[in-house]
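Written below as structure tokens is the structure these notes are about.
The values are calculated or read from the model by the stated rules, or taken from the named source; none is laboratory data. Not measured: the values here are computed from a predicted model. Quick reminder, even Gly has a Cβ in these numbers, built from the backbone with ideal geometry, and neighbours come from all protein chains shown. Each accessible area value is taken on the protein alone, full model and side chains, heavy atoms only, with ligands, DNA and RNA left out. Shrake-Rupley method; radii C 1.70, N 1.55, O 1.52, S 1.80 Å.
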Amino acid sequence: MWHELKRSILGIARRLMLAAALCSIPFAMPLPAAASEPYKLAPYTRLRLTVLEWVAARGEYREWSALNGEYVVSEEGSLLLPLVGTMEVSSFDAVTMATEVSKRVQQITGLVNLPNVAVQIVDYPPVFLVGNVERPGEYRFRPGLTVLQAVALAGGRYRPREEARTVEQIQYLGELQSAHGEMVRTLARIARLRAEISGQKDIEFPANLNELADEATVSSIIAEERAVFQAQSNGLTQQLENLSELRRLFASEIDVLQEKVVGQEKQLKLLDDELAAVKPLVERGIATTSRQSDLQRIITALQADRLDQVTAIMRARQNISQASRDAQNLVSTRQTTASTELQTAQASLDQLKIRQETAQRLLVAAGSILSGQKRGEKQEPDLTFTITRKASAEPVEIAADENTLLVPGDVVRASLNVRFSAQTAGTAAMVPQNSGAAPLAAATGLTNTQ
């Protein structure tokens with residue numbers, strides 16, 4: 001009877017041990033976030049390996065203490081097991097690994113039957129939280145862990161202390177006001193430069209500059225830009241008028257020189273006629289040769305003088321052409337300078353927009369209330385989540401929400417989803433878009449350029 005009881009107890013023990021050997025299956029069940037596939041043994045997964053052999057002669061199980069114990073999957077996805085050696089397990093789940101270890105042990109030891117191998121997942125690779133959470137860092141994973149639960153483990157969203165928040169609000173508000181003031185000045189400068197390039201007689205300023213600064217500041221900046229515009233316009237106009245007057249003087253000089261040339265040509269005609277009449281008289285001895293020589297000298301002097309007058313006319317015409325080129329160069333230089341300044345101003349405006357958006361986001365993060373929101377209304381931006389997951393050789397980034405299920409090794413980034421006020425949204429609308437400068441003024445009508 002004792003032997004029967006012993007065999008019954010051993011049978012029960014055997015069934016219990018077999019059940020224990022199959023306990024690895026629940027631990028290897030697929031994670032909710034990993035679709036329907038079982039969990040693959042990722043790097044840093046901690047496993048408990050149990051190897052048992054049924055000894056029929058003794059009617060009991062024998063533990064393989066050399067193999068039993070806890071192991072951690074290496075970064076390369078492998079395990080180094082006594083007797084078995086190195087195994088690549090990154091493509092295995094717990095059940096597959098248990099089967100593979102059992103086969104390898106049988107091959108190495110020459111066992112008739114496969115040993116019973118159980119693989120239990122003791123600890124999964126951690127998940128990591130970064131961004132706007134109270135305690136960023138590494139947290140232990142458990143099956144079914146959601147993004148919201150992970151954020152709760154990290155202490156929830158980050159909230160600065162009240163004293164620090166007040167100081168931050170003052171700093172960020174000052175930065176925002178400074179950016180708005182510089183933005184008004186830059187927008188006004190861009191409007192003035194566009195007016196200069198296109199030859200307008202007045203500046204068309206954006207109508208909603210008052211949304212960025214107070215009326216007195218905006219009026220002062222507009223007055224300054226109008227003064228600069230008027231000074232630039234008056235200076236260019238005065239220079240062009242001086243060059244135009246210089247061209248008129250040279251034209252008058254040409255008229256006078258041409259009249260002198262006409263008079264000289266008449267004198268040369270008369271002297272040529274007189275010389276033609278004197279030559280026969282000299283040949284007959286009626287007139288002296290000195291008379292003929294005097295006429296020839298006078299004619300030569302008049303011809304030289306006429307050449308000087310023609311040269312002076314050509315020089316005056318060259319001066320007129322140079323004055324026209326100088327006038328055109330003045331307009332071209334001013335437009336080129338204005339275009340360069342416009343590009344610089346637009347680049348500065350882009351930087352100011354970045355400063356403004358950064359200050360607004362920091363204000364919201366510090367718990368401040370932006371313009372356009374009712375007083376006393378609590379504004380707390382939502383958190384948006386992205387998960388960096390190593391799905392293959394390279395990590396991928398996926399969008400997530402609070403209910404997204406995590407897998408071991410996920411990196412969760414929590415960011416603030418800032419919604420701007422109506423004033424902020426309107427700022428982008430008033431920013432002028434890049435456009436090409438107007439063509440250079442033609443050579444004609446330069447004096448009318450403003």
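Out of Pro43, Pro30, Pro38, one residue alone is within 30 Å of Asp401 (Cα to Cα), assigned to a loop (DSSP other than H, G, I, E, B) and at pLDDT 85 or above. It is Pro43. Put simply, of Arg247, Arg194 the only residue that is within 33 Å of the chain's Cα centre (by Cα) and under 30 Å from Ser324 (Cβ atoms) is Arg194. State yes or no: is Ala150 hydrophobic (A, V, I, L, M, F, W, C), touching a Phe, Trp or Tyr at 6+ places or on another chain (Cβ under 7 Å) and at pLDDT below 90? Criteria not met by Ala150. Residues of segment 116-139 that are open to solvent by less than 40 Å² (accessible area, probe 1.4 Å), under 10 Å from Val151 (Cα atoms) and modelled with pLDDT of 90 or more: Leu129 alone. The residues of segment 213-232 that are part of a helix (DSSP H, G or I) and either among the β-branched types (Val, Ile, Thr) or open to solvent by 80 Å² or more (accessible area, probe 1.4 Å) (or both), listed by number, are Glu215, Thr217, Val218, Ile221, Ile222, Glu224, Arg226, Val228, Gln230.
Identify all residues within segment 74-113 that are in contact with a Gly (Cβ under 9 Å, 6 or more places away or on another chain), of a type outside the set (Asp, Glu) and farther than 30 Å from Ala56 by Cα; write none if there are none. Matches in segment 74-113: Val89, Ser90, Ser91. Cβ-Cβ distances below 6 Å connect the following pairs, each with a first residue in segment 379-393 that is more than 30 Å from Leu41 (Cβ to Cβ) and in a loop (DSSP other than H, G, I, E, B), a second residue that is open to solvent by 50 Å² or more (accessible area, probe 1.4 Å) and at pLDDT 70 or above, and a separation of six or more residues or different chains: Pro381/Asn417. As for segment 233-245, it holds no residue that is open to solvent by 50 Å² or more (accessible area, probe 1.4 Å), among the hydrophobic types (A, V, I, L, M, F, W, C) and at negative phi.
If you go through segment 79-107 and pick out every residue that is under 49 Å from the mean Cα position of the chain (by Cα), within 17 Å of Pro38 (Cα to Cα) and open to solvent by less than 50 Å² (accessible area, probe 1.4 Å), you end up with 5. List the residue pairs whose Cβ atoms are under 6 Å apart, where the first residue sits in segment 295-321 and is touching a residue at least 60 places away in the same chain (Cβ under 8 Å) and surrounded by 14 or more Cβ atoms within 10 Å (Cβ to Cβ), the second is assigned to a helix (DSSP H, G or I) and basic (Lys, Arg), and the two are 6 or more positions apart or on different chains. So the pair list comes out as Ile320/Arg247.
Each row is one residue, and each column tells you yes or no for (1) touching a helix residue (DSSP H, G or I) at 6+ places or on another chain (Cβ under 7 Å); (2) within 30 Å of Tyr124 (Cα to Cα); (3) modelled with pLDDT of 90 or more.
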{"site": "Gln351", "(1), (2), (3)": "no, no, no"}
{"site": "Gln360", "(1), (2), (3)": "yes, no, no"}
{"site": "Val364", "(1), (2), (3)": "no, no, no"}
{"site": "Gly367", "(1), (2), (3)": "yes, no, no"}
{"site": "Ser392", "(1), (2), (3)": "no, yes, no"}
{"site": "Thr404", "(1), (2), (3)": "yes, yes, yes"}
{"site": "Phe420", "(1), (2), (3)": "yes, no, no"}
{"site": "Gly436", "(1), (2), (3)": "no, no, no"}
{"site": "Ala441", "(1), (2), (3)": "yes, no, no"}
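Among residues that are surrounded by fewer than 16 Cβ atoms within 10 Å (Cβ to Cβ), in contact (Cβ under 8 Å) with a residue 40 or more places away in the chain and touching a Phe, Trp or Tyr at 6+ places or on another chain (Cβ under 9 Å), Glu70 is not included.
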